[in-house]
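Remarks on the structure that follows.
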Amino acid sequence: MARARSAGPALITTAESEFAEIIAWYEEQLATTVPPVDLEYEPVKIGPVWQWDNGWVLPEHTLGWRVLAWCGKWLRDKKGQPWQFTPEQTRYILWYFAVDQDGDWLYHSAVLQRLKGWGKDPIAACLAMAACFAEVAFDHWDGDRPIGREEPNAWVQIIAVSQEQTKNTMKLFPSLVPAETRAHFGIQIGKLNVYGLGDTRQIEAVTSSPLAIEGGRPTQVFRCETQNWNSSNGGHDMAGALEGNAAKSEAGAARMMDICNAYRPGEDSVGERMREAYEATQGEDSIAMDFGLLYDSLEAPPEAPLTAEDAPAVVHSIAGDSYWLDTRPKGRIVKSILNPANPPSESRRKWFNQVVATADAWTTPQLWDRLGNPPAPAPPEGTEVFLFLDGSKSDDPTALIGCRLDTGDVFVVGIWERPANWDSKRAWLVDRADVDGRVRRACARWDVYGLWCDPSDARDDESGELYWEPLCDDWAEIQDWRLPAVKSGDRQHPIIWDMRAPRHAALHTEHAERTVTDIKDGAFRHDGNKRLRAHVHNARRRPGKYGVGLGKSGRGSAKKVDGAVAMVGARLMRKIWLIANPEPSGEAMFV
């Protein structure tokens, strides 16, 4: 166990020796702590802080060690003792100040998402002080060790959409900064500002309008409670102004850190947009390039029950090293969860740190994610499968989803959608040649019983032909399809399955309802594809004359659902086959 730093060594005579002692204490702390092994609920770990590989996964190069040391020497906790970060907070700070081989930041932006009471505001307060007076800017290399320097014109902003939210951080400074530190750095602490070193360094609380923020040149920005920043309170405009300020800083050195709880899906908050932006960069199926965002969150698993009996264990599993949280069975957190005035969705968001589905969500993110943990493996060569293509031309994505006959598991063959940040002045069209190639390779690899395509009514700009119809005609000749398209009216085509036809719309809606039940029951698995995940998460319940189907949140919504539509279509194909080809027992096999 690490020795309490308050005891101190007997022979510390210089600031540098004290820094070295503090760093050694943190190194010992990380070397002697391990992930908990007695958790009843394994948390969902997003980001690097809780990654373990025979030891904590730490950045190769970081200025964080000196930041930890500075806070330990110059800051105090509420009992007046030298400030100590928990091992979890320590790892986060090391990652936040990580640099690459050129001395550039690995992350220019960060999101720290944790449950209420975890200690996000104290971290922001400590790092705000460090941003003003510690060695937080890369200067040079000493061998393979990065050496930092102070920021001579440090300007730190703590920003929220209301004055009350900035107070959570600002009110910590009087007890955090002792008289010795104030005298040494010439620090003056007010309600909305902290000045130091002859007013050359500043921390300010800001709740101004975007117009007042735009044009500033802060070196470090803390955005508080971004799950509450939305269009109605000017949150998006403020976020845009801050991003512009940071991007134009000298050598791009300005940084932003968001501290937040889980967001409410569908509110289109800054917190929600940041999470979606992060997820768009993840995995081989990412739709956006990495833009230097450190996102770290510890969330309750999807199956975590919101009950008096289970809540203490669930909260304990995601509390991390926040030993001060009251996770007792009769503690304050459990009482808040049991309070009937608090909606279950809010309790899950605040205390389980879960992103909880909206009331009209087609299914919950947790239930869908559970089906891909672990991901279902790709079907082996020769596997009997069904393929469904939801075709579009430009605005909406095109999705080709497969479903296995034997298990009902679904997998992505391809999802084509306009890349993030695409120039709206430039036309984007789905690459039909690539879609055609994927279809043909899939037919060569697997035993494809049927291929259906909902072609949309889009037309080719040059020929005026329906955009997908020529390819559908070509695909009809690839092989003898054992599952032809369901006849609708006078039209019969082995590939074209137009969802606008009443019979088709009714079948798809019926199976959308069945798929929701199958997801809840865990009746099939998926391959964990991030794009399909986003489309399923975006899907909303859409009641109609045939039942409750799925669709976008609004007609012009940028949050697409085409992958979910195609996934339901592929599972519908399997159902139709099984009804027509029952097992020898005489009963159709359903999953």
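The values are calculated or read from the model by the stated rules, or taken from the named source; none is laboratory data. These figures come from a predicted structure and were not determined experimentally. Cβ: placed from backbone, ideal geometry, glycine included. Neighbour counts: every protein chain shown.
Of the residues making up the stretch 338-354, those that are within 26 Å of residue 275 (Cα to Cα), at pLDDT below 90 and not in a loop (DSSP other than H, G, I, E, B) are 344, 345. Note on the stretch 168-200: residues that are among the polar types (S, T, N, Q) and out of contact with any Asp or Glu (no Cβ under 9 Å at 6 or more places or on another chain) amount to 2.
Looking at 247, 239, 254 in this structure, which one is closer than 30 Å to residue 135 by Cα, outside the structural domain of residue 528 (by TED's automatic domain parsing), buried (at least 20 other Cβ atoms within 10 Å of the Cβ) and modelled with pLDDT under 90?
Being closer than 30 Å to residue 135 by Cα, outside the structural domain of residue 528 (by TED's automatic domain parsing), buried (at least 20 other Cβ atoms within 10 Å of the Cβ) and modelled with pLDDT under 90 holds for just one of 247, 239, 254, which is 254.
Selection over the stretch 286-300 of residues that are among the aliphatic types (A, V, I, L, M) and either modelled with pLDDT under 90 or part of a loop (DSSP other than H, G, I, E, B) (or both) gives a count of 4.
Within the stretch 444-464, the residues that satisfy the criterion of being under 26 Å from residue 483 (Cβ atoms) and free of Cβ contacts under 8 Å to residues at least 60 places away in the same chain are 444, 457. For the stretch 70-83, taking the residues that are in a loop (DSSP other than H, G, I, E, B) and in contact with a helix residue (DSSP H, G or I) (Cβ under 7 Å, 6 or more places away or on another chain), the one that is farthest from residue 110 (Cα to Cα) is identified as 78.
Does residue 160 satisfy the condition of being at pLDDT below 95, under 32 Å from the mean Cα position of the chain (by Cα) and in the same structural domain as residue 232 (by TED's automatic domain parsing)? The answer is yes for residue 160. One residue alone among 505, 512, 523 is buried (at least 20 other Cβ atoms within 10 Å of the Cβ) and either assigned to a loop (DSSP other than H, G, I, E, B) or in contact (Cβ under 8 Å) with a residue 40 or more places away in the chain (or both), and that residue is 512.
Could you check the stretch 125-204 for strands (runs of 3 or more DSSP E) lying wholly inside it with 1 or more residues that are surrounded by fewer than 22 Cβ atoms within 10 Å (Cβ to Cβ) and aromatic (Phe, Trp, Tyr)?
137-142, 155-159, 193-196
One residue alone among 70, 52 is at pLDDT 95 or above and crowded, with 16+ Cβ neighbours inside 10 Å, and that residue is 70. Scanning the stretch 453-469 for residues that are more than 21 Å from residue 570 (Cα to Cα) and of a type in the set (A, V, I, L, M, F, W, C) yields a count of 2. When 143, 215, 234 are checked against the criterion of being in contact with a Pro (Cβ under 9 Å, 6 or more places away or on another chain) and modelled with pLDDT under 95, 234 stands alone in meeting it.
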